[in-house]
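Report on the following structure.
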Amino acid sequence: MVASGAALAVMGNHEFNAIAFHTPDGNGGYLRPRNSKNTHQHQAFLDEFADQPDAWREAIDWFKSLPLWLDLDGLRVVHACWDPVHISQISHSYGDGARLTDELLHDASRSGTWQYHAVETLLTGKEIPLPGGAYFHDKDGTRRHDIRVRWWGNGKTYKDIYMGPESAVTHMPDDPIQGDHMVDYGHDEKPVFLGYYWMEGDPVPLAKNIACLDYSVAKSGGKLVGCRWNGEREINPESYVWCDRGD
């Protein structure tokens, strides 16, 4: 659909990780280390293209063609978080703006750089550290000291802005948030459409002008979700369309 001009698409965290997994770092390794964890996460791709080197090369090249965000007339699209500060940083520092240049790919693959933090935020959302060494265990049993947040929200405590498994809510401190971590995305801004978050239940907007379209179609009980946007500044809840996953 993209090739025929019938659709537009943006890069997600899995596409970025796949590109980095297959890109040499110049020191005998790869931009995304091929350790057991990263290889396990990427195994389905490796299995699919095991005997098709030309096909996997074509897939990676197509991933690299996807923009990090779309800022169109009337609406915006990004995989996880529309952070205008990071978008401005990337736009002013790299000639292709929203495109993942080879230079940006290498810079954003080095943990600790502003490029790493910027691309990570756009593709996986905002995370903030919990205070006082607090932690919780994620679905894989890994101890986490940072939480993903509702970056569009106006919550004042860690529990207010936490976004993740409901089972971990009781571990979230009800303390005031330390530092300025949220994104100022006003209700007068263009509507922005997101993926990434694996929402559940019936689709509803996250805010008047923010909609997530990822309702976990990759797992049992999930939905394939779309939204018919007709130029409105506020997202109409009745514009969602979806079909349940057939298991």
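Derivation of every value follows stated rules applied to the coordinates shown; laboratory data play no part. The shown structure was predicted, so the numbers you read here are calculated from the model rather than taken from an experiment. No Cβ is skipped: glycine too gets one built from the backbone with ideal geometry, and neighbour counts run over all protein chains shown.
Straight-line reach from Lys126: taking Cα to Cα under 24 Å and skipping same-chain neighbours fewer than 8 places apart, the lysines in range are Lys37, Lys64, Lys139, Lys156, Lys159, Lys190, Lys208, Lys219.
With a Förster radius of 22 Å applied to the C-beta separation of Glu166 and Ala134, the computed FRET efficiency comes to 0.80. Between Ile210 and Val192, Ile235, the built amide H atoms are under 5 Å apart, and every one of these is 5 or more places off in sequence or on another chain. Inter-label distance, Val183 to Asp71: 1.2 nm, where each label sits 7 Å from its Cα along the C-beta direction.
The peptide list 168-176, 115-123, put in order of mean Cβ contacts within 10 Å with the highest first, becomes 115-123, 168-176.
For the stretch 1-142, the C-alpha radius of gyration divided by 2.2 N^0.38 Å, with N the number of residues, is 1.14. Based on the Kirkwood approach, the hydrodynamic radius assigned to the stretch 192-244 is 11.1 Å, with every pair of different Cα atoms included. Stokes-Einstein diffusion for the stretch 127-171, with the hydrodynamic radius set to the Kirkwood value over Cα pairs and evaluated at 10 °C in a medium of 1.306 mPa s, equals 147 µm²/s. Shown here are the Rg and Dmax of the Cα trace of the stretch 1-79, at 14.5, 45 Å. Measuring nothing but alpha carbons in the stretch 55-135 and taking Rh as the Kirkwood radius, the Rg to Rh ratio lands at 1.03.
Shape index of the chain: Rg/Rh, with Rg the Cα radius of gyration and Rh the Kirkwood radius from the inverse mean 1/r over Cα pairs, equals 0.95.
Estimated purely from DSSP H runs of n ≥ 4, each contributing -39500 (n - 2.57), the mean residue ellipticity at 222 nm for the chain is -7500 deg cm²/dmol once divided by its residues.
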